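The structure appears below as structure tokens.
The values are calculated or read from the model by the stated rules, or taken from the named source; none is laboratory data. Please read these numbers as outputs of a predicted model, since none were measured by experiment. Counting neighbours? That spans all protein chains shown, and the Cβs are built from the backbone with ideal geometry, glycine included. Protein only, heavy atoms only, side chains kept; ligands, DNA and RNA dropped before computing areas. Shrake-Rupley method; radii C 1.70, N 1.55, O 1.52, S 1.80 Å.
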Number of protein chains: 2
Amino acid sequence: MVTLKDISRDVGLSITQVSRALGGHTDVNAATRERVQLAATRLGYRPNAIARSLKTGRSGIVAMIVAGSRDPDSNAHLFEIVMGLSAEISALGLQFVLHVGQPGADVVKLHTELYRSGGIDGFVIIGPSPADPRIKCLTDLGAPFIVHGRDPEQPHPFVDIDNFDVGRTMADHLLSLGHRRIAFLNGPLSEFFAIQRQRGVDAAFAAHGLSVDPALMRSITMIEPQGRSAARDLLQLDNPPTAIIAGNTMIARGVYHAAADAGVSIPGDLSVLAHDDGLELFPAAGFEPPLGGTSAHLSAAWISLSADLKQIIAASKTPMHNRILDLTFDKGSATQSILVDRSMPVGP
Amino acid sequence: MVTLKDISRDVGLSITQVSRALGGHTDVNAATRERVQLAATRLGYRPNAIARSLKTGRSGIVAMIVAGSRDPDSNAHLFEIVMGLSAEISALGLQFVLHVGQPGADVVKLHTELYRSGGIDGFVIIGPSPADPRIKCLTDLGAPFIVHGRDPEQPHPFVDIDNFDVGRTMADHLLSLGHRRIAFLNGPLSEFFAIQRQRGVDAAFAAHGLSVDPALMRSITMIEPQGRSAARDLLQLDNPPTAIIAGNTMIARGVYHAAADAGVSIPGDLSVLAHDDGLELFPAAGFEPPLGGTSAHLSAAWISLSADLKQIIAASKTPMHNRILDLTFDKGSATQSILVDRSMPVGP
DNA sequence: GCGGCGATCCCAAACGTTTCGGAATAGGCG
DNA sequence: CGCCTATTCCGAAACGTTTGGGATCGCCGC
């Protein structure tokens with residue numbers, strides 16, 4: 001390994017001065033600096049990250065800890081999250097560590113031990129549940145972290161979208177088209193984003209002087225097979241929905257399949273909207289008819305998340321960065337207005 | 001942060017003795033050791049990984065570097081690889097770092113710089129191509145690493161399966177059932193495993209005194225859509241294949257879809273075999289009729305890989321661990337014997 | 001009484017870096 | 001000539017750990 005000492009010997013300067021030359025300090029002669037830099041590249045010098053960390057107290061490593069799981073369902077999103085996050089964090093000159101615990105391991109303990117052992121500057125937390133113990137743990141530890149999504153029960157820095165608006169916007173669009181029997185294939189209600197989306201749907205109904213039919217509100221794992229079977233279920237009801245809101249594009253794919261299976265045409269017999277996370281592996285493109293709905297690309301979230309986390313790490317006192325990302329809505333071609341009682345106007 | 005100094009102050013011993021007590025050295029009184037351990041847990045001591053690394057020269061971190069890519073196709077497998085590897089490596093008390101480079105970054109340079117900067121004990125390389133520059137680079141650097149798969153053009157430690165046998169076994173089974181027009185939806189021929197599988201198929205044909213029809217050998221990205229369109233293509237030939245060998249279960253899924261689309265029944269009109277990597281997200285289960293073929297679970301590969309890499313890191317001189325994992329074959333229910341010219345016996 | 005020995009302990013150096021405080025030199029100015 | 005400043009350099013300490021080479025003490029056998 002090439003060290004500062006090697007360079008200092010080579011150029012005949014002290015270690016101190018070599019360090020300063022390379023570090024861009026002012027008290028070093030321009031000619032000297034150049035000589036040092038030349039020697040450094042000639043010898044193939046790379047500063048030792050470990051030694052630097054020990055001295056500065058920062059390792060430049062941020063970690064995300066996920067529970068290992070034999071259940072592939074829970075991992076459907078994770079891949080793109082890891083790829084996206086890792087790329088953004090690398091781009092900021094930091095390193096990203098994915099720590100996959102053994103199935104059944106205590107995730108809170110893992111955070112504590114990893115932080116206590118130094119070497120981790122900060123953490124990323126995804127998919128928080130209400131009163132999430134990871135957030136409490138890291139707050140108590142005083143460890144820098146940021147959450148994708150949020151936990152309403154404790155203050156913390158986060159990057160999120162307005163999930164209330166997701167539910168409200170899509171439900172409102174369908175209600176305005178005259179739909180009344182609207183089903184919602186929502187994510188797991190153990191997570192806050194799903195709760196908020198449900199509230200948004202409720203609010204849209206309330207704004208139209210209506211209320212949701214609980215039998216049409218489903219909370220499922222957000223993957224295609226679950227969406228398909230839930231949609232099949234809904235379409236077999238005595239009084240099936242005329243529209244379905246899907247929590248993501250994978251669920252929507254299941255809905256399209258279930259509709260095809262049941263001989264139900266989209267949008268003729270059934271209108272469909274979905275929230276699109278902009279995932280590359282599960283694109284909103286390729287639906288026929290083209291799928292509409294709200295959209296917020298997760299890739300944008302990783303950019304904000306990384307930048308904010310870097311700031312939080314740099315700051316001595318955790319700033320409460322709370323960033324709400326933009327949401328767009330596209331009505332697509334998978335929805336259709338239905339005949340409604342003209343005594344109940346739905347537009348201007 | 002709780003350090004050895006804090007404990008030493010607490011129990012009234014020297015830092016040296018505290019370190020030795022915790023490190024399990026012999027020259028420390030049993031009673032003293034207990035006192036130290038108690039104090040350590042009471043104060044919440046965790047050894048500082050950075051300081052330890054600086055002293056010992058080992059960080060306990062192994063890394064895998066992948067090129068960031070806007071192309072989701074290339075990532076289809078990667079997720080389970082990352083999850084599996086990370087879990088196994090964590091289980092060995094090491095850390096796994098996934099480094100996702102910017103799209104277009106020089107992967108070889110990333111390996112060099114990351115290794116030179118200390119902090120990385122070893123690397124995992126997957127999907128080697130012939131004369132892979134990453135392998136050359138790490139060999140030149142003297143860095144510990146292990147490859148999943150192998151590069152025949154340079155010696156290096158690896159864990160792999162017998163891909164020649166994969167091709168040979170499946171082709172042989174179909175040939176023995178009387179099939180002659182056998183298609184092979186292989187992976188990209190830029191990677192050695194696909195080359196070997198092709199050679200295995202060729203060898204099986206040769207053993208039967210036959211040779212493959214090049215028009216039926218396809219090299220594709222190993223995901224469902226590609227498999228589907230390739231299979232559609234094959235089934236539209238004037239003289240379509242009576243059997244298809246799929247490189248993995250995702251391709252097989254595409255084949256099943258294409259067959260359904262074309263009104264071709266499996267196994268009545270078309271026999272199908274596939275190699276199964278045992279991936280949880282793309283299971284071989286759920287096929288109707290049940291899919292058969294060779295099988296080798298990648299999870300087994302990660303276990304061997306991690307253990308071997310750990311040994312390589314511990315050793316001063318790189319041992320050339322070359323491990324070939326077991327392969328199993330199940331004929332499934334998606335193949336069927338076809339009428340053959342009785343003048344050409346196919347069995348005992 | 002003395003050398004030796006086992007048990008238990010500690011000093012100090014080292015890993016490679018950053019940085020505080022100062023030192024050396026040269027030049028300007030009264 | 002003495003003083004001050006600016007420029008350029010360096011010694012030494014520190015981060016927390018591990019470890020080689022002792023130190024100390026009590027006790028045994030001769």
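How many residues are open to solvent by less than 30 Å² (accessible area, probe 1.4 Å) and of a type outside the set (A, V, I, L, M, F, W, C) if we restrict to region B:143-168?
Residues meeting the conditions: 8.
Which condition number does A:R116 fail, the rest of (1) within 14 Å of chain B (Cβ to nearest Cβ); (2) open to solvent by less than 10 Å² (accessible area, probe 1.4 Å) being met?
Failed condition: (2).
Taking region B:111-128, which residues are over 21 Å from the mean Cα position of the chain (by Cα) and in a helix (DSSP H, G or I)?
If the condition is that a residue be over 21 Å from the mean Cα position of the chain (by Cα) and in a helix (DSSP H, G or I), then B:T112, B:E113, B:L114, B:Y115, B:R116 are the ones that fit.
For region B:175-187, which residues satisfy the criterion of being open to solvent by less than 50 Å² (accessible area, probe 1.4 Å) and either aromatic (F, W, Y) or out of contact with any Leu (no Cβ under 6 Å at 6 or more places or on another chain) (or both)?
If the condition is that a residue be open to solvent by less than 50 Å² (accessible area, probe 1.4 Å) and either aromatic (F, W, Y) or out of contact with any Leu (no Cβ under 6 Å at 6 or more places or on another chain) (or both), then B:L175, B:S176, B:L177, B:G178, B:H179, B:F184, B:L185, B:N186, B:G187 are the ones that fit.
If I filter region B:207-248 down to residues being at pLDDT below 95 and of a type in the set (V, I, T), which single residue comes out as nearest to B:A284 (Cα to Cα)?
B:I223
Using the structure shown, decide if A:A131 is in a loop (DSSP other than H, G, I, E, B) and more than 9 Å from chain B (Cβ to nearest Cβ). Before the answer, list the steps.
Numbers: in a loop (DSSP other than H, G, I, E, B): yes; more than 9 Å from chain B (Cβ to nearest Cβ): yes.
Criteria met by A:A131.
Take the residues of region A:18-33 that are surrounded by 12 or more Cβ atoms within 10 Å (Cβ to Cβ) and of a type in the set (D, E, K, R): which is nearest to DNA strand C (Cβ to nearest atom)?
A:R20
Can you tell me which of A:S211, A:S219 is hydroxyl-bearing (S, T, Y), open to solvent by 40 Å² or more (accessible area, probe 1.4 Å) and without any contact (Cβ under 8 Å) to a residue 24 or more places away in the chain?
Only one candidate qualifies: A:S211.
Could you list all residues from region A:34-46 that are open to solvent by less than 40 Å² (accessible area, probe 1.4 Å) and either under 19 Å from B:G119 (Cα atoms) or within 12 Å of DNA strand C (Cβ to nearest atom) (or both)?
Result: A:V36, A:A40, A:G44.
Do you know which residues across region A:6-28 are near DNA strand D (Cβ under 7 Å from one of its atoms) and in a helix (DSSP H, G or I)?
If the condition is that a residue be near DNA strand D (Cβ under 7 Å from one of its atoms) and in a helix (DSSP H, G or I), then A:I15, A:T16, A:Q17, A:R20 are the ones that fit.
Scan region B:1-20 and report the pairs whose first residue is among the β-branched types (V, I, T) and whose second residue is open to solvent by 70 Å² or more (accessible area, probe 1.4 Å), with Cβ atoms within less than 8 Å and a gap of 6+ or a chain change.
Close Cβ pairs (under 8 Å, with a partner that is open to solvent by 70 Å² or more (accessible area, probe 1.4 Å)) amount to B:V2/A:R116; B:V2/B:R46; B:V11/B:R35; B:I15/B:K5.
Name the single residue that is farthest from the other protein chains (Cβ to nearest Cβ) among those in region B:1-17 being more than 7 Å from DNA strand C (Cβ to nearest atom) and within 44 Å of the chain's Cα centre (by Cα).
B:L4
Across region A:253-304, what is the number of residues that are open to solvent by 20 Å² or more (accessible area, probe 1.4 Å) and among the β-branched types (V, I, T)?
3
Could you figure out which of (1) in contact (Cβ under 8 Å) with a residue 24 or more places away in the chain; (2) within 13 Å of DNA strand D (Cβ to nearest atom); (3) hydroxyl-bearing (S, T, Y) isn't true of B:S69?
Of (1) in contact (Cβ under 8 Å) with a residue 24 or more places away in the chain; (2) within 13 Å of DNA strand D (Cβ to nearest atom); (3) hydroxyl-bearing (S, T, Y), only one is false for B:S69: (2).
For B:S190, state whether it is within 17 Å of B:K331 (Cβ to Cβ) and surrounded by fewer than 20 Cβ atoms within 10 Å (Cβ to Cβ).
Criteria not met by B:S190.
Find the residue count for region A:48-60, including only residues that are open to solvent by 40 Å² or more (accessible area, probe 1.4 Å) and within 6 Å of DNA strand C (Cβ to nearest atom).
4
What do you reckon, is B:L78 more than 8 Å from DNA strand C (Cβ to nearest atom), open to solvent by less than 20 Å² (accessible area, probe 1.4 Å) and assigned by TED's automatic domain parsing to the domain that holds B:A315?
yes
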